[in-house]
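The values are calculated or read from the model by the stated rules, or taken from the named source; none is laboratory data. Predicted model, so just to flag it, every value in this text is computed and none were measured. Neighbour counts run over all protein chains shown; Cβ positions are idealised from the backbone, glycine included. Accessible surface is based on the protein model in full, side chains and every heavy atom, while ligands, DNA and RNA are left aside. Shrake-Rupley method; radii C 1.70, N 1.55, O 1.52, S 1.80 Å.
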Amino acid sequence: MRRGTNWRLAAALSLVVAAGSLTVSGPATAAPVIRLAAAAPVQPADVAGSVDYLTRTYGVSVREAVRRLELQRTAGALQDVLARDHGDTFAGSWIDQENGGVLFVASTAAGKLAPALQAVPDRQHIRVVEVRHSLRDLQARARDAVARLGLTPEQEPVINPQRNRVELHHRAADTVRGSAGRLALAADLGVTVVDSPTPVPQACAIRNCEAPMRGGLTLDFLDFNKNPKRTCTNGFNVHGSDGWQYTVTAGHCSKAGDGYYSRHAGLWVGRYNNPTYVSEIYPNDGIIMPYVVMNGFEYVTYWVVNPRNTVFNSRVSAQFPIYGMYSYSQIGVGWVACHTGQTSNNTRCGTVLTKDGGMITDICTQDGDSGGPLFSEVDHMAYGILHGGTNKVGNCTTRSYYSPLSKVFDSARSFSGITFSVNSAA
């Protein structure tokens, strides 16, 4: 694919007209009409994995699959405008792939917002639904729940826009259920305790690649004495506010330092070293390892070369560029995403089925794929890294759980004081 075209696609996400919206004449209660900057059409060859997934799973044509991906790109740009200009009423969005590839936008003032979307591309596939609570209200409720229930950062409440409520999953739910007082308080706070299946971390074999380091490649983990321990999959290249370069993969691949070094194709990559951040707990499962210096050689000079952040997409390109990342709150249910795993030895695509603090997809993954990148073909954005899965059929888990990069980065900043960001291939 041509790099210039991809750059324009990515840039279109963040561009809106100067003020973000234009006012047109009409009733005094009408909201200003929202106009997003025009984006170049999605080319099927550039999103082959996503198109293949949609056509196989939902029985749609290639043309319809492309439309749905363009709507997903629109959703990413639209939610930023709605959060900024309609923050008092906007309550989140999601895509329903099962029932026609429709984008739902929730609002506490649906009647006012609906006309404002008349100029948004593919308006006929956008539905505005009325809800009781705005996203801001739910975020405030979540913060109150953290404080009053004594939750840790790794027990952060989940905002479910489809049900317009605040939920507790996994360890947060276990903590609240363990106390009658906390359980009653959660009910008083309007927080729902959800019985979520626990994903099993995928044990940590694409396998031999030259620089640059990219997502989807094999990472062999070795202990302090350089004895092999396990094998996982690289996520993304990231940089810190300290000026260092790092790789990010699943924290359980290191086992809190038991996997002290990482290596690919016999060449050293990362090292467990201050300020390394590591957590094995979903949805914050991640380890951010600085590139190693071994025998006086700085391996960052070999691995981190232009393009500085790509993933191995077996359906499109061995150097599929990544231009940025979506935060957890920005990623929508119903969005199509793709994952590369070293055991699977390919790239598979699927849908974000739900969010439980992390992201649950229907992508087939296998043991050893842990830490691999979850990303979007349509706009070249990073989402997260694989933690594990449930619903195992043969070697494949049909429910795969991903730790959002934004949560891993937030936890890492609290631990080290360093702000982390994904590199851009641009």
Quick calc, Asn306 & Lys226: beta-carbon distance into FRET formula, R0 45 Å, rounding 0.05, result 0.90
Whole-Å distance linking the alpha carbon centroid of the stretch 67-88 with that of the stretch 123-200 is 23
Using alpha carbon centers only, the stretch 217-242 is separated from the stretch 265-293 by a whole-angstrom value of 6
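Rounded to two decimals, what is Rg over Rh for the stretch 178-314 when you use alpha-carbon atoms and the Kirkwood radius? Could you put the intermediate results ahead of the total?
Values: Rg = 18.2 Å, Rh = 16.4 Å.
Taking Rg over the Kirkwood Rh, I get 1.11.
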Per residue, accessible area of the chain with a 1.4 Å probe, heavy atoms of protein chains only, in Å², comes to 39
Scattering profile of the stretch 359-426 from the Debye formula, Cα beads only, expressed as log10 I(q)/I(0) at q = 0.14, 0.18, 0.19, 0.20 Å⁻¹, is -0.50, -0.74, -0.80, -0.85
In whole percent, the fraction of accessible protein surface over the stretch 132-256 that belongs to carbon or sulfur atoms, probe radius 1.4 Å, stands at 48
Gyration tensor on Cα atoms of the stretch 107-160, a ≥ b ≥ c root eigenvalues, a/c under 1.5 rounded, else prolate if a/b beats b/c, else oblate, says prolate
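Which order do the peptides 193-200, 103-110 come out in when sorted by mean C-beta neighbours inside 10 angstrom, highest first?
103-110, 193-200
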For Lys355, the lysines lying under 27 Å Cα to Cα, once residues fewer than eight places off in the same chain are dropped, come out as Lys255, Lys392, Lys407
Expressed to one decimal in nm², the mean projection of the alpha carbon convex hull of the stretch 130-191 is 3.9
Arg84 and Asp195 label points (each 7 Å along its Cα→Cβ direction) are spaced in nm at 4.4
extent check for the chain: Cα max minus min per principal axis, descending, whole Å, gives 72, 58, 44
Under the rule rounded for a/c under 1.5, else prolate if a/b exceeds b/c, else oblate, using alpha carbon gyration tensor axes a ≥ b ≥ c, the stretch 318-397 is classed as oblate
Ignoring ligands and nucleic acids, Thr301 exposes an accessible area, probe 1.4 Å, in Å² to the nearest 10, of 80
Given 220-230, 129-139, the highest-first ranking by average Cβ count within 10 Å works out to 129-139, 220-230
